[in-house]
Amino acid sequence: MIKINENFLKLQAGYLFPEIGRRKRAFQEANPDAQIISMGIGDVTQPLAPAVIEAMKKAVDEMGRTETFRGYDDSGVGYEFLRQAIKENDFKSRGVDINVDEIFVSDGAKCDTGNMQEVFGLDNIVAVSDPVYPVYVDTNIMAGRTGGPAEQGRYEGIVYMPCTEENNFVPDLPEEKVDLIYLCFPNNPTGAVATKEQLNKWVDYARENKAIILFDAAYEAFISEADIPHSIYEIDGAKEVAIEFRSFSKSAGFTGVRCAFTVIPKQLKAYTNDGRAVEVAPIWKRRHCTKFNGVSYVTQAGAAAVYSPQGKEQNQQIIDIYMANAKLIRETLSRIGYTVYGGVNAPYIWLKTPNGVSSWEFFDILLSKAHVVGTPGAGFGSAGEGYFRLTAFATPDNVKEALERFQKV
Ligand SMILES: *Cc1c(COP(=O)(O)O)cnc(C)c1O
């Protein structure tokens, strides 16, 4: 008799975005004339930059000629031309020395942040922020590191670190000893960023406790304040204890193209049961090349064009559009009396629901009265209750219209 992997049965039904979709569809069916504006799911709306399109077209032509055709990427971890561009532009430009063989190109930071836990033992204690990007938790449930869902939808075996107004949505160090720590800055969903001092504390904690930090920097390109670190490797000693995830999805509109990368420095070690230190990078490479066969040449050519002078300029203009949306959302909502966070170094606005209404109540009110869809904070964890996430990824016209309707609610 074939047995199911029962870890999957521990996952909570009614995942956040399907439930949002269900409520949206039900409202639309009952109100066919309503023009619903979505500021819910974190997907981009601006088209790819012309420099990227041009590079991808050129790559397609190369694929159509015998002399320039390419099959499998033999390295399995990304073409050298792309990893070199990443090294120079994402790290060297910020005073960080990362080698090309410490960079692993993939088809998404979702997959990488989800898969990375596989190379670590099942008895590690995992710590996540609350609210949290659900991928970190769900992949640890699937792997069997947790019990079933307990109170407030939390799982036994996971250490939740509340992110609240009191700590500026940057988690405090846990009191218990943890081994695998997920941090995401700039943060989805709160839009918070961590300062150098705050990241320093985390790196020190990881070094003292022989822990590893999984640092999700998918929104790095949205940082606007000068003194906020873009990479965790700007912190002394981080190379020994941190893995960094980056993605072209939000920074260059690649959500439908698919390209990302992960950095694992040579110095990063984990330990065997008898205390022997083992390099993590070769193990990840082994896993990556066994379960994944590389990102398409056309896609990697497009990603490399993100670092060309035109690519940089064009993508910055797109980011400026989103961040102008964020500013407008933040300022308009503050003016009409909402308490809002984020939207300065991230394309997310984290607003406090008025009069203590719950996140889902606020969702229903906003949908029925303003025909605007956002994301209930409670969907990201129990500490998100009483909050609501709006994204700045909508078109400027939609943002303006949504804000006008907001003012009438
Ligand atoms: C969007 C997002 C990513 C990027 O995922 P891709 O798979 O690269 O599209 C990673 N982490 C967070 C927190 C995100 O919101």
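Just so it is clear, none of the values below were taken in a lab; they were calculated from the coordinates. Here the structure is a predicted model, which means the values were calculated and not measured. All Cβ positions, glycine included, derive from the backbone under ideal geometry; neighbour counts span all protein chains shown.
Calculate how many DSSP beta bridges within segment 209-283 are antiparallel, expressed in % of all such bridges and rounded to the nearest 5.
65 percent
Each label point is 7 Å from the Cα along the Cα-to-Cβ direction; what then is the distance between the points at GLN267 and LEU122, in nm?
3.4 nm
Near the amide H of ILE212, under 5 Å away, which other amide H atoms are found, from residues 5 or more places off or on another chain, if H is placed in the peptide plane?
Sorted by chain and number, the residues that satisfy this are LEU180, ILE181.
R0 = 51 Å: FRET efficiency of SER368 with ASN209, Cβ-based, nearest 0.05?
Approximately 0.60, to the nearest 0.05.
Kindly rank 401-408, 325-332 from highest to lowest mean number of other beta carbons found within 10 Å of each residue.
Highest-to-lowest ranking by the protection proxy: 325-332, 401-408.
What are the ³J(HN,Hα) values, in whole Hz, obtained from phi via the Karplus relation 6.51 cos²θ - 1.76 cosθ + 1.60 with θ = phi - 60°, for each residue of segment 136-153 in sequence order, with x given for Gly and Pro?
4, 6, 4, 6, 6, 5, 4, 6, x, 8, 10, x, x, x, 10, 4, 6, x
Kindly state, to the nearest 0.05, the FRET efficiency for LYS400 paired with GLN317, given R0 = 22 Å and r defined as their beta-carbon distance.
0.70
Quick one: of the DSSP bridges fully inside the chain, what percent are antiparallel, nearest 5?
If I count the DSSP bridges inside the chain, around 55 percent turn out antiparallel.
In this model, which of LYS201/LYS250; LYS24/LYS291; LYS110/LYS210 are farther than 30 Å apart at the alpha-carbon?
Flagged as over cut-off: LYS24/LYS291.
With a 10 Å cut-off between alpha carbons and a GNM built on the chain, which of GLY78, GLY153, GLY64 moves the most?
Ranking GLY78, GLY153, GLY64 by mean-square fluctuation puts GLY64 first.
Rule-of-thumb check for the chain: C-alpha Rg over 2.2 N^0.38 Å?
0.99
Shape call for segment 182-295 from the C-alpha gyration tensor, a ≥ b ≥ c root eigenvalues: rounded (a/c under 1.5), prolate (a/b greater than b/c) or oblate?
Cα axes put segment 182-295 in the oblate bin.
Could you give the distance between the Cα centres of segment 41-87 and segment 144-195, to the whole Å?
Each part's Cα centre sits 36 Å from the other's.
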